[in-house]
Amino acid sequence: MATNTEKIVVQVVVKGGKQLDDLTKKTGAATKSAGGLTKGMAKVAGGIIAAAAAFRMISQTIGSAIKTFSAFEFQMAKVKAISGASEKDFQKLSNTAQELGRTTFFTATQVAELQTNYAKLGFTTKEILNAQEATLLLATATGSDLGRAAIVAGAAVRGFGLDASEATRVVDVMTLSFNSSALDIEKWQTSMTKVAPIAAGMNIELEDTAAIMGTLTDAGIEASIAGTSMRNIFLKMKDSSSDLSKFLGFTVNSSVDLSKALEKLGTASDTTLDGLVNIRQVAAFSVMVKGAKRVQKLTAELRNAKGAAEEASSIIGDTLEGAFKRLTSATQGLSIKLTADLGAGLQDMIDGFANFINKLTDSSKGIANSIRFI
């Protein structure tokens, strides 16, 4: 028969085991509850992180679009201020800038810069519209900066007293000149600014002038010296009292006269040639006369330059690099259009994101506590 001590031990073991089982069940429930809470908090934190990431992405996209639109809007404001265009004309300029900007190598902002430079040269809205597509071809074909291409092509149009509708002719001559001689846009600009007004005043055409410039440049004569020498030689050819005109027996007043003059000068000795111009022009004059056949050949090529810029542009554009440039332009075109179309809606969207951020800030303590708990 069990003693009292044994009974007490049995009761303790039984009761203790039961209490231990109860404690185990409670602990498991508590653990499960805590696990559920942890998962819930993790979901909340995950949602916050995802929202923050989404906001960052959207913010960057909107920020980039706004920056693109702002740059375009600012450049177009310059066009309007300089050109003095009416609202109707300004809208035409803006629309064509956007259209060309999304379908070519160049962005709408770059096209707007082209328009600005033409406006500085005194081009009217109609003249800008006539010249801009040709200038885009020139810049593409020659790898030139679009704004500079506008300045140089526009100066040639103005320098030779041409109509803006002849901008295509000018850029075709420039493109073929660059592809057929050592000329480039920088050398062209340096030389042409010195000689163009004089050549135009003597009725010497763009093609003849460019051919002589190309021949001098091929001979290694620096662009500034070439332009200055051509100007002074042309002036002597025009001056009936100069030794040069007296030797020729006539003054040069056209491209035909110039061709005749070079032919006759080709029969003169070096000593005679040296005495017909100033010492500073001797080198250029000698190259011009002795390279008369080269000048004649290049002139003929330049007279048939029609389509040169478009052809070269097409070849250069049909490349992977060209495709990427067009993609960039198209993307910026979309940014400009969407930003403009959103208008007040964009402001509402940004205000909505601002309110969202403020709500996160108001709940910052709760968010911080949740993150600490997790």
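The values are calculated or read from the model by the stated rules, or taken from the named source; none is laboratory data. Just so we're clear, the structure is a prediction, and the values are computed from it rather than from any experiment. Here Cβ is always computed from backbone atoms with ideal geometry, including for glycine, and neighbour counts include all displayed protein chains. Note: accessible area is taken over every heavy atom of the protein model, side chains too, but ligands, DNA and RNA are not part of it. Shrake-Rupley method; radii C 1.70, N 1.55, O 1.52, S 1.80 Å.
Could you count how many residues in the range 244-256 are in a helix (DSSP H, G or I) and without any contact (Cβ under 8 Å) to a residue 40 or more places away in the chain?
Total meeting the criteria: 6.
Just give me the residues in the range 98-108 being within 12 Å of the chain's Cα centre (by Cα) and open to solvent by less than 70 Å² (accessible area, probe 1.4 Å), in sequence order. Lay out the reasoning, then the answer.
Taking the range 98-108 and keeping what is within 12 Å of the chain's Cα centre (by Cα), we get 100-102, 104-108.
Scanning the range 98-108 gives 100, 101, 104, 105, 106, 107, 108.
Look at residue 177 and say whether it is in a helix (DSSP H, G or I) and modelled with pLDDT under 95.
No; evaluated as a whole, the condition is false for this residue.
Please work out which residue is nearest to the chain's Cα centre (by Cα), limiting yourself to the range 143-154 and to residues that are open to solvent by 10 Å² or more (accessible area, probe 1.4 Å) and within 25 Å of residue 199 (Cα to Cα).
This residue is 148.
Six or more apart or on different chains, Cβ atoms under 6 Å: show the pairs whose first residue is in the range 273-285 and open to solvent by 80 Å² or more (accessible area, probe 1.4 Å) and whose second is assigned to a helix (DSSP H, G or I) and modelled with pLDDT of 95 or more.
Listed by first residue and then by second, the contacts come to nothing, as the list is empty.
Residue by residue through the range 84-95, note down the ones that are surrounded by fewer than 19 Cβ atoms within 10 Å (Cβ to Cβ) and not basic (Lys, Arg).
Keep residues of the range 84-95 that are surrounded by fewer than 19 Cβ atoms within 10 Å (Cβ to Cβ), which gives 84, 86-92, 95.
Answer for the range 84-95, where residues must be surrounded by fewer than 19 Cβ atoms within 10 Å (Cβ to Cβ) and not basic (Lys, Arg): 84, 86, 87, 89, 90, 91, 95.
Only one of 241, 259 is assigned to a loop (DSSP other than H, G, I, E, B), open to solvent by 60 Å² or more (accessible area, probe 1.4 Å) and among the hydroxyl-bearing types (Ser, Thr, Tyr); which?
When all the criteria are applied, what remains is 241.
What pairs come up if the first residue lies in the range 197-211 and is in contact (Cβ under 8 Å) with a residue 24 or more places away in the chain and under 14 Å from residue 232 (Cα atoms), the second is open to solvent by 30 Å² or more (accessible area, probe 1.4 Å) and of a type outside the set (Gly, Ala, Ser), and their beta carbons are under 7 Å apart, counting only those six or more places apart or on different chains?
Note: pairs meeting the criteria are 198/231; 198/235; 202/238; 202/253.
For the range 114-142, which residues satisfy the criterion of being within 23 Å of residue 199 (Cβ to Cβ) and part of a loop (DSSP other than H, G, I, E, B)?
Passing the criteria: 121, 122, 123.
Tally time: how many residues in the range 262-271 are assigned to a loop (DSSP other than H, G, I, E, B) and surrounded by 14 or more Cβ atoms within 10 Å (Cβ to Cβ)?
Of the residues in the range 262-271, 1 are assigned to a loop (DSSP other than H, G, I, E, B) and surrounded by 14 or more Cβ atoms within 10 Å (Cβ to Cβ).
Please count how many residues of the range 179-218 are touching a Lys or Arg at 6+ places or on another chain (Cβ under 9 Å), open to solvent by 10 Å² or more (accessible area, probe 1.4 Å), closer than 20 Å to residue 167 by Cβ and among the aliphatic types (A, V, I, L, M).
Looking only at that region, the number is 1.
Only one residue in 298, 216, 302 is touching a residue at least 40 places away in the same chain (Cβ under 8 Å), closer than 26 Å to residue 141 by Cβ, of a type outside the set (S, T, N, Q) and touching a Gly at 6+ places or on another chain (Cβ under 7 Å). Which one?
298
Evaluate the following for residue 95: is it farther than 21 Å from residue 322 by Cα and free of Cβ contacts under 8 Å to residues at least 12 places away in the same chain?
Working: farther than 21 Å from residue 322 by Cα: yes; free of Cβ contacts under 8 Å to residues at least 12 places away in the same chain: yes.
So residue 95 passes the test.
Restricting attention to the range 297-316, which residues are surrounded by fewer than 16 Cβ atoms within 10 Å (Cβ to Cβ) and among the polar types (S, T, N, Q)?
304, 314
Residue 166 - would you say it is open to solvent by 40 Å² or more (accessible area, probe 1.4 Å) and modelled with pLDDT of 95 or more?
Spelling it out, it is not the case that residue 166 is open to solvent by 40 Å² or more (accessible area, probe 1.4 Å) and modelled with pLDDT of 95 or more.
Sort through 111, 157 and tell me the only one that's open to solvent by less than 30 Å² (accessible area, probe 1.4 Å), farther than 18 Å from residue 96 by Cβ and assigned to a helix (DSSP H, G or I). Quick ask: steps written out before the conclusion?
On the way: 111 fails: farther than 18 Å from residue 96 by Cβ.
The unique qualifying residue is 157.
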